[in-house]
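Encoded as structure tokens, the structure appears first; notes follow it.
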């Protein structure tokens, strides 16, 4: 299963996280917003659509390649999940939690302390390591 997620950063350096609705898998945990890519979409198209559906924004991705990736293979031979994380610093509209749950803006240190699904733990680690390696401000 191809999944895309967005790491949205405001001009003040804070990052957006989405708290999953309680009735969904990993309910109550914080994640980078996004979702499944449809078979007819490339990953960029899927993420732009997902961010519009979940947050009501029109996103402009920083790059056409993901900054981090996390994978999970089901131990029972079920579906393999691959999440590609893209950074986004520009969008039109004010992000809102349109599909339930809530959103919040956090520093990288605060994100590291949030309860997250396992793949989002990996994505956050990779994102902030990559930015630190590039010498970009973590805040």
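The values are calculated or read from the model by the stated rules, or taken from the named source; none is laboratory data. Keep in mind that this is a model prediction, so the values were computed, not measured. Here Cβ is always computed from backbone atoms with ideal geometry, including for glycine, and neighbour counts include all displayed protein chains.
Results, tabulated for the structure shown:
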quantity	calculated
Residue satisfying all of: in region 19-36; touching a helix residue (DSSP H, G or I) at 6+ places or on another chain (Cβ under 9 Å) and farther than 17 Å from residue 58 by Cα; surrounded by the most Cβ atoms within 10 Å (Cβ to Cβ) among these	30
Residue list for region 54-69, restricted to those being at pLDDT 90 or above, surrounded by 15 or more Cβ atoms within 10 Å (Cβ to Cβ) and part of a strand (DSSP E or B)	59
Subset tally (residues that are surrounded by 18 or more Cβ atoms within 10 Å (Cβ to Cβ) and either in contact with a helix residue (DSSP H, G or I) (Cβ under 9 Å, 6 or more places away or on another chain) or without any contact (Cβ under 8 Å) to a residue 60 or more places away in the chain (or both)) for region 122-134	5
Sole exception among (1) under 17 Å from residue 130 (Cα atoms); (2) not in a strand (DSSP E or B) for residue 22, by number	(1)
Flag for residue 115 being under 16 Å from the mean Cα position of the chain (by Cα), at pLDDT below 95 and either surrounded by 13 or more Cβ atoms within 10 Å (Cβ to Cβ) or not in a helix (DSSP H, G or I) (or both)	no
Single unsatisfied condition, residue 89 versus (1) farther than 20 Å from residue 25 by Cα; (2) out of contact with any strand residue (DSSP E or B) (no Cβ under 6 Å at 6 or more places or on another chain); (3) modelled with pLDDT under 95	(2)
